[in-house]
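Taking it in order: structure first as structure tokens, then the write-up.
The values are calculated or read from the model by the stated rules, or taken from the named source; none is laboratory data. The structure presented is a predicted model; accordingly, all values stated were derived computationally and were not measured. Cβ atoms come from the backbone with ideal geometry, glycine included; neighbour counts cover every protein chain shown.
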Amino acid sequence: MPTNVIAVANQKGGVGKTTTSINLAASLASQGKRVLLVDLDPQANATSGLGVEKREGGSVYEALVGDALLSDQIVRTAYENLSIIPGEVNLCGAEIDLPRMEDCLHRLQRALHSVRMANVYDIILIDCPPSLGSLTLNAFVATDSLVVPIQCEYYALEGISMVQRLIDQVRNSGDNPDLHITGIVMTMYDGRTRLSQQVLDEVREHFAETIFGTTIPRATRLAEAPSHGQPALAYDPDGLGTAAYDVLAAELIQRLDGVTAASVAEDSTPNNVVDATALQNLDLVQNQA
Ligand code: ATP
Ligand code: MG
């Protein structure tokens, strides 16, 4: 499998980007994928959520604005197959510095190039900040595709339309002509409310082919895990939220393999539509969510 870069993005705050980044990364790693998580958010929640210390000068910032090598910033986590480039508050500066710099949209892409070429990771996940600023734009240019978490609440579709607009811009400008959404993941699904089901139905109706079959339930343990510096897999191995992220990881791998197989077969239409019902445990996760 060539290195796949996937940005977890939605400009809306608090929709589950970081929870998804941490737990998808941990589940992918536990399923044997070599994973690098890039924390692109000055809040650095993915970093602390994996129990990794924030260190000044230890993020992508130096590689974005200077000549530092991104590979020097990679830190191993306590989990097999899972490394991270931590975030830190300095990244705030990138929002101001980047627009003044030459080639400002391609800085992350350039910095990631050698890490990508080394082929030591199967998947590089980027946890984006909640904005459509320079950092997110750099992620949109550097990534192969996006995973877009959407919270099961009103205005969910508004968030996705802004993401879609930015994708169109980046594609049409030629900065990343192949950018696409690998999958939309519905988060914080609460089976006790009609609203969750209505939102899920609505998003399914509009994005039938893009939405992942797996829905992430609202689960207290998923919210608690970061304060213990652990992914859900370690904090709550038997939890429903953990199971959901495990199935999501399997589903993502299946989509990525589908795209790789399609491009090997020189099929011009990417086959990233998944028969999600075929995935083990999926019904269980959805029914109990
Ligand atoms: P930001 O835009 O600030 O970066 P985000 O999109 O990364 O936010 P998270 O930090 O992942 O969102 O989640 C926002 C809040 O919701 C956090 O307190 C998190 O613990 C909680 N949360 C996320 N997913 C779930 C879930 N499935 N069940 C319960 N709580 C969740
Ligand atoms: Mg976040």
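The table below lists the values:
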item	result
Odd one out for Leu91, checked against (1) at pLDDT 95 or above; (2) crowded, with 18+ Cβ neighbours inside 10 Å	(1)
Candidate set: region 13-34, residues that are more than 12 Å from ligand 1 (Cβ to nearest atom) and within 23 Å of Ile150 (Cβ to Cβ); chosen: the one nearest to the chain's Cα centre (by Cα)	Ala25
Qualifying positions in region 224-239 - within 16 Å of ligand 2 (Cβ to nearest atom) and buried (at least 19 other Cβ atoms within 10 Å of the Cβ)	Ala225, Pro226, Pro231, Ala232
Any hit, region 204-222, residues being over 23 Å from Gln11 (Cβ atoms), more than 13 Å from ligand 1 (Cβ to nearest atom) and in contact (Cβ under 8 Å) with a residue 60 or more places away in the chain	yes
Conditions (1) touching an Asp or Glu at 6+ places or on another chain (Cβ under 7 Å); (2) under 25 Å from Arg107 (Cα atoms); (3) not acidic (Asp, Glu); number of the one not met by Ser27	(2)
Filter result (surrounded by fewer than 21 Cβ atoms within 10 Å (Cβ to Cβ), farther than 17 Å from Glu102 by Cα and either more than 13 Å from ligand 1 (Cβ to nearest atom) or among the aliphatic types (A, V, I, L, M) (or both)) within region 128-143	Leu132
Flag if Asn10 is within 16 Å of ligand 1 (Cβ to nearest atom) and among the polar types (S, T, N, Q)	yes
Test: residue in region 67-81 that is small (Gly, Ala, Ser) and either within 16 Å of ligand 1 (Cβ to nearest atom) or crowded, with 21+ Cβ neighbours inside 10 Å (or both)	no
Tally of residues being farther than 18 Å from Leu252 by Cα, away from ligand 2 (no atom under 16 Å from the Cβ) and either touching a helix residue (DSSP H, G or I) at 6+ places or on another chain (Cβ under 9 Å) or aromatic (Phe, Trp, Tyr) (or both) across region 201-223	7
Residue tally, condition surrounded by fewer than 24 Cβ atoms within 10 Å (Cβ to Cβ) and in contact with a strand residue (DSSP E or B) (Cβ under 8 Å, 6 or more places away or on another chain), over region 16-42	3
Unique match (being hydrophobic (A, V, I, L, M, F, W, C), touching a residue at least 24 places away in the same chain (Cβ under 8 Å), more than 16 Å from ligand 2 (Cβ to nearest atom) and in contact with a His (Cβ under 9 Å, 6 or more places away or on another chain)) among Leu64, Leu157, Leu108, Leu146	Leu157
Spans of helices (runs of 4 or more DSSP H) in region 170-243 with at least 3 residues aliphatic (A, V, I, L, M) and at negative phi	194-206, 232-235
Among the candidates Val15, Val35, Val65, residue that is hydrophobic (A, V, I, L, M, F, W, C) and modelled with pLDDT under 95	Val65
Yes/no for Arg194 being charged (D, E, K, R) and within 20 Å of the chain's Cα centre (by Cα)	no
Count of region 34-49 residues which are part of a loop (DSSP other than H, G, I, E, B) and either without any contact (Cβ under 8 Å) to a residue 40 or more places away in the chain or closer than 13 Å to Asp127 by Cα (or both)	5
Out of Ile22, Ile6, sole residue that is touching a residue at least 24 places away in the same chain (Cβ under 8 Å) and part of a helix (DSSP H, G or I)	Ile22
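Listed here are the residues, each with its yes/no results for (1) under 12 Å from Cys152 (Cβ atoms); (2) at pLDDT 95 or above; (3) among the basic types (Lys, Arg).
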site	(1), (2), (3)
Asn172	no, yes, no
Val185	yes, yes, no
Met188	yes, yes, no
Ser196	yes, no, no
Ile216	yes, yes, no
Ala223	no, yes, no
Ala232	no, yes, no
Leu240	no, yes, no
Asp246	no, yes, no
